[in-house]
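Engineer: Got a structure here, written out as structure tokens. Questions coming.
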Amino acid sequence: METRQTKQKSAGRRAALVLAALLLLALLLCALTMTRVYPAMPEALQVLERPADGVTVRRGAERIDFIPAHPQAGLVFYPGAMVQFEAYAPLMERLAGRGALCLLLRMPGNLAVLNPDAADGVQADYPEITRWFLGGHSLGGAVAANYLEKHGGEYDGLLLLAAYSVADLSGEQLRVLTVYGSEDGLLERDRLESGRALLPADAEEVVLPGGCHACFGSYGAQPGDGVPTITRAQQQEQTADLAAAFCLENAA
């Protein structure tokens, strides 16, 4: 019979292998893009200066906090690869406007895999929040899922935007919501399919009709992505509705 210590060592080795694979992918992305970064659009930067009524924006060296007047839950968010992290400000603001405190993390080199433990300790800044979720877009979602393999007990759930898990979370007590667009040309459907077996049995999945890969953020089009049939604002509004319902369900 496999001992608890053996299981822990096996899980540790698996996590190390997954992290090594993600790092290799990040290095390949760097080489392929020649350090290209997708900059945040002006509309995203404007949100940081003039957020919606009822939302306070607090900028720090390592993250941007989007704080509702009466937060009911918290979301820590890992940005997608090679994307200026401020590009997710409109989505975070929309979600904060619905009652979820959102902590948008800055990543070195705009790659979450270069700081996979960026979520460490951030919850301590808001001790009044008792329900926490981790989320991410694209590669950021995969890194977030890998983080939860060792920190699942610290979070109530995982939000994957155009992303799939590469870590085995099937035995974790986590709620999981995956959201992606029907026109997404960059999400690997075979990896999405195989990744379902790594999630809890009750994981939810929602396809946004007309949505694409890039429109979860506000950074313009990405080569290889599909052509959306809804606007960026519409995709972000629908995503915020889904994420808010997911994070705030049964919240006091």
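Engineer: State which residue is surrounded by the most Cβ atoms within 10 Å (Cβ to Cβ) when the search covers only the stretch 76-109 and only residues that are of a type outside the set (A, V, I, L, M, F, W, C) and touching a Phe, Trp or Tyr at 6+ places or on another chain (Cβ under 7 Å).
Structural biologist: Within the stretch 76-109, the first condition is being of a type outside the set (A, V, I, L, M, F, W, C), and the residues that meet it are 78-80, 84, 86, 88, 90, 93-94, 97-99, 106, 108-109.
From the residues that got through so far, the ones that are touching a Phe, Trp or Tyr at 6+ places or on another chain (Cβ under 7 Å) too are 79, 84, 88, 93, 106.
Working: PRO79: 29, GLN84: 19, TYR88: 32, GLU93: 23, ARG106: 17.
That would be TYR88.
Engineer: Right, here's the next one. Please go through the stretch 75-133 and pick out each residue that is in contact with a Cys (Cβ under 6 Å, 6 or more places away or on another chain) and either free of Cβ contacts under 8 Å to residues at least 60 places away in the same chain or over 21 Å from GLU249 (Cβ atoms) (or both).
Structural biologist: Hits for the stretch 75-133 are MET92, ALA96.
Engineer: Scan LEU95, LEU103, LEU48 and give me the residue that is assigned to a helix (DSSP H, G or I) and within 19 Å of LEU158 (Cα to Cα).
Structural biologist: Answer to the check: LEU95.
Engineer: With respect to ARG232, is the statement that it is out of contact with any Asp or Glu (no Cβ under 8 Å at 6 or more places or on another chain), free of Cβ contacts under 8 Å to residues at least 12 places away in the same chain and more than 20 Å from ALA112 (Cα to Cα) true? Working first, answer last.
Structural biologist: Details: out of contact with any Asp or Glu (no Cβ under 8 Å at 6 or more places or on another chain): yes; free of Cβ contacts under 8 Å to residues at least 12 places away in the same chain: no; more than 20 Å from ALA112 (Cα to Cα): yes.
It is false that ARG232 is out of contact with any Asp or Glu (no Cβ under 8 Å at 6 or more places or on another chain), free of Cβ contacts under 8 Å to residues at least 12 places away in the same chain and more than 20 Å from ALA112 (Cα to Cα).
Engineer: Same structure, new question: I'm checking my understanding of the structure. Among residues of the stretch 167-202 that are surrounded by 23 or more Cβ atoms within 10 Å (Cβ to Cβ) and in contact (Cβ under 8 Å) with a residue 60 or more places away in the chain, which one is nearest to the chain's Cα centre (by Cα)?
Structural biologist: Ranking the qualifying residues of the stretch 167-202, first place goes to VAL179.
Engineer: When the residues of the stretch 45-65 are filtered to those that are within 12 Å of LEU104 (Cβ to Cβ), of a type outside the set (A, V, I, L, M, F, W, C) and surrounded by fewer than 19 Cβ atoms within 10 Å (Cβ to Cβ), which remaining residue is nearest to the chain's Cα centre (by Cα)?
Structural biologist: GLU62
Engineer: If you don't mind, there's one more thing I want to ask. Select from the stretch 66-86 the residues that are assigned to a helix (DSSP H, G or I) and within 13 Å of the chain's Cα centre (by Cα) and list them in ascending order.
Structural biologist: Selection gives PHE85 alone.
Engineer: Another question about this same structure. Only one residue in TYR88, TYR164 is in contact with a Gly (Cβ under 9 Å, 6 or more places away or on another chain), closer than 21 Å to PRO51 by Cβ, of a type in the set (Ser, Thr, Tyr) and at pLDDT 95 or above, so which one is that?
Structural biologist: Going through TYR88, TYR164 in turn, the sole match is TYR88.
Engineer: Can you give me the number of residues within the stretch 129-185 that are of a type in the set (A, V, I, L, M), in a strand (DSSP E or B) and within 18 Å of ALA73 (Cα to Cα)?
Structural biologist: Within the stretch 129-185, residues that are of a type in the set (A, V, I, L, M), in a strand (DSSP E or B) and within 18 Å of ALA73 (Cα to Cα) number 6.
Engineer: Could you check ASP53 against (1) in contact with a Pro (Cβ under 7 Å, 6 or more places away or on another chain); (2) farther than 28 Å from LEU114 by Cβ; (3) of a type in the set (Asp, Glu) and say which number it fails?
Structural biologist: Condition not satisfied by ASP53: (1).
The values are calculated or read from the model by the stated rules, or taken from the named source; none is laboratory data. Note that the structure is a prediction, hence the values are computed from the model and not measured. In this analysis, Cβ positions are derived from the backbone assuming ideal geometry, glycine residues included, and neighbour counts consider all displayed protein chains.
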